[in-house]
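Enquirer: My questions all concern the structure below.
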Amino acid sequence: MQTIFQTIKDIAIKIDHAIKTEDLGYSDSSNASGEDQLKLDVKSDYIIEEAFKGVDIVKALISEEKEGVLELHEEGIYTICYDPLDGSSLADVNLSVGSIFGIYEGEPRGENLVASAYVVYGPRIELMLATKEEKPLHYRANEGLFNLIGEVSLNEKGKLNAPGGTQQYWSDYHKRFVESLFAEGYRLRYSGGMVPDLHQILLKGGGIFSYPGTTDVPKGKLRQLFEVIPFAFMYEQAGGQAINDKGMRLMELIPAHPHDTSPCFFGSDYEIEALKEAYGIKA
Ligand code: AHG
Ligand code: MN
Ligand code: MN
């Protein structure tokens with residue numbers, strides 16, 4: 001696993017360089033979810049693929065930017081599912097973006113995730129690594145080296161509310177839930193990039209990030225293997241909770257297709273319990 005983590009550090013430095021120096025425009029292709037790809041999405045995907053080609057414990061790769069499974073090493077143990085550049089449409093307005101990695105042993109599904117990682121490309125490059133043994137570890141890069149800042153733990157209750165999805169298409173009970181948090185004094189924090197938004201909640205001690213099913217997109221937008229499950233693991237390891245709109249742990253998701261999405265809620269205990277009540281989810 002340390003080889004995979006070292007490879008992710010090398011990848012982070014290269015993608016950060018690409019973000020800072022390369023063309024921010026669109027390519028002429030689209031991805032498996034039908035979204036137009038930026039040149040940076042394609043470049044980041046290429047950087048990751050090339051890096052893991054040299055790591056023989058990696059059996060296969062599944063990328064948000066590619067349709068199928070890329071088999072790498074027959075004798076490998078891990079399948080890495082990744083979003084090469086999350087929030088890439090924010091690069092041209094100079095907001096933070098990220099990369100997300102889910103490391104699975106066996107079939108890629110929630111219960112088989114053994115580690116996850118994400119990188120934030122902001123004013124600095126930051127990295128969070130989570131394994132089953134410990135709380136997520138937070139690193140910051142300085143001149144190409146990642147220094148450990150410390151372990152990350154969520155408080156029982158936070159102050160931040162990051163509500164995703166098009167508000168016009170929210171259900172009435174979701175609207176009431178979001179409004180009830182603001183009425184309690186929660187502050188809106190939503191950049192439109194799940195990596196910096198979820199990172200902020202983790203580091204500021206708590207709150208909730210939601211991306212519900214909506215009338216236009218009933219199963220939500222965020223993809224299970226590359227976005228939802230890796231962050232669910234981070235939040236649970238930090239002492240928080242991560243569930244879908246039925247109250248099921250996101251770590252129990254079994255995608256039928258690599259690009260399947262799920263409604264998702266990540267937060268500290270207090271906010272997730274409030275969500276369950278608002279959604280009529282029995283304990
Ligand atoms: P990607 O850039 O990989 O397609 O994903 C962007 C995601 C996520 O980062 C963010 O939380 C969400 O899309 C924002 O969606 P809305 O614009 O619908 O809020
Ligand atoms: Mn994404
Ligand atoms: Mn992406």
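The values are calculated or read from the model by the stated rules, or taken from the named source; none is laboratory data. Computed from a predicted model, the values in this text were never measured in an experiment. So basically every Cβ, Gly included, is an ideal-geometry build from the backbone, and we count neighbours across all protein chains shown.
Enquirer: Out of Val69, Val120, I need the residue that is within 13 Å of ligand 1 (Cβ to nearest atom), assigned by TED's automatic domain parsing to the domain that holds Val55 and out of contact with any Phe, Trp or Tyr (no Cβ under 9 Å at 6 or more places or on another chain). Which one? Don't jump to the end; show me each part of the working.
Expert: Numbers: Val69 fails: within 13 Å of ligand 1 (Cβ to nearest atom).
Matching residue, one of Val69, Val120: Val120.
Enquirer: Has the stretch 3-22 got at least one residue that is within 16 Å of ligand 1 (Cβ to nearest atom), at pLDDT below 95 and more than 10 Å from Glu65 (Cα to Cα)?
Expert: no
Enquirer: Just give me the residues in the stretch 88-113 being touching a helix residue (DSSP H, G or I) at 6+ places or on another chain (Cβ under 9 Å) and more than 16 Å from ligand 1 (Cβ to nearest atom), in sequence order.
Expert: Ile103, Tyr104, Glu105, Gly106, Pro108, Arg109, Gly110, Glu111, Leu113
Enquirer: Can you tell which of Gly213, Gly206, Gly164 is among the small types (Gly, Ala, Ser) and in contact (Cβ under 8 Å) with a residue 60 or more places away in the chain? Even if it seems obvious, please write down each step before you answer.
Expert: Details: Gly213 fails: in contact (Cβ under 8 Å) with a residue 60 or more places away in the chain; Gly164 fails: in contact (Cβ under 8 Å) with a residue 60 or more places away in the chain.
None of the other options fit; the residue is Gly206.
Enquirer: Please verify whether the stretch 221-228 includes one or more residues that are assigned to a helix (DSSP H, G or I), touching a residue at least 40 places away in the same chain (Cβ under 8 Å) and among the aromatic types (Phe, Trp, Tyr).
Expert: Yes.
Enquirer: Please verify whether the stretch 93-104 includes one or more residues that are closer than 17 Å to Leu253 by Cβ and more than 16 Å from ligand 2 (Cβ to nearest atom).
Expert: Yes, there is a match, as at least one residue in the stretch 93-104 is closer than 17 Å to Leu253 by Cβ and more than 16 Å from ligand 2 (Cβ to nearest atom).
Enquirer: Looking only at the stretch 75-87, count how many residues are buried (at least 24 other Cβ atoms within 10 Å of the Cβ) and within 15 Å of ligand 1 (Cβ to nearest atom).
Expert: Residues in the stretch 75-87 being buried (at least 24 other Cβ atoms within 10 Å of the Cβ) and within 15 Å of ligand 1 (Cβ to nearest atom): 6 in total.
Enquirer: In the stretch 228-275, how many are within 18 Å of Gly207 (Cβ to Cβ) and of a type in the set (D, E, K, R)?
Expert: Total satisfying the criteria: 4.
Enquirer: Go through (1) over 23 Å from Ala256 (Cα atoms); (2) of a type outside the set (Lys, Arg); (3) part of a loop (DSSP other than H, G, I, E, B) one by one and return the number of the condition Ser89 breaks.
Expert: (3)
Enquirer: Go through (1) at pLDDT 95 or above; (2) away from ligand 3 (no atom under 14 Å from the Cβ) one by one and return the number of the condition Asp28 breaks.
Expert: Just one mismatch for Asp28, condition (1).
Enquirer: Let me ask something additional. So, in the stretch 183-220, exactly how many residues are on the phi < 0 side of the Ramachandran plot, assigned to a loop (DSSP other than H, G, I, E, B) and either not acidic (Asp, Glu) or not assigned by TED's automatic domain parsing to the domain that holds Trp170 (or both)? Walk me through how you get there before you give the answer.
Expert: Initial filter on the stretch 183-220 (on the phi < 0 side of the Ramachandran plot): 183-184, 186-191, 193-204, 208-219.
So of that shortlist, the ones also assigned to a loop (DSSP other than H, G, I, E, B) come out as 184, 186, 189-191, 193, 204, 212-219.
So of that shortlist, the ones also either not acidic (Asp, Glu) or not assigned by TED's automatic domain parsing to the domain that holds Trp170 (or both) come out as 186, 189-191, 193, 204, 212-215, 217-219.
Number of matching residues: 13.
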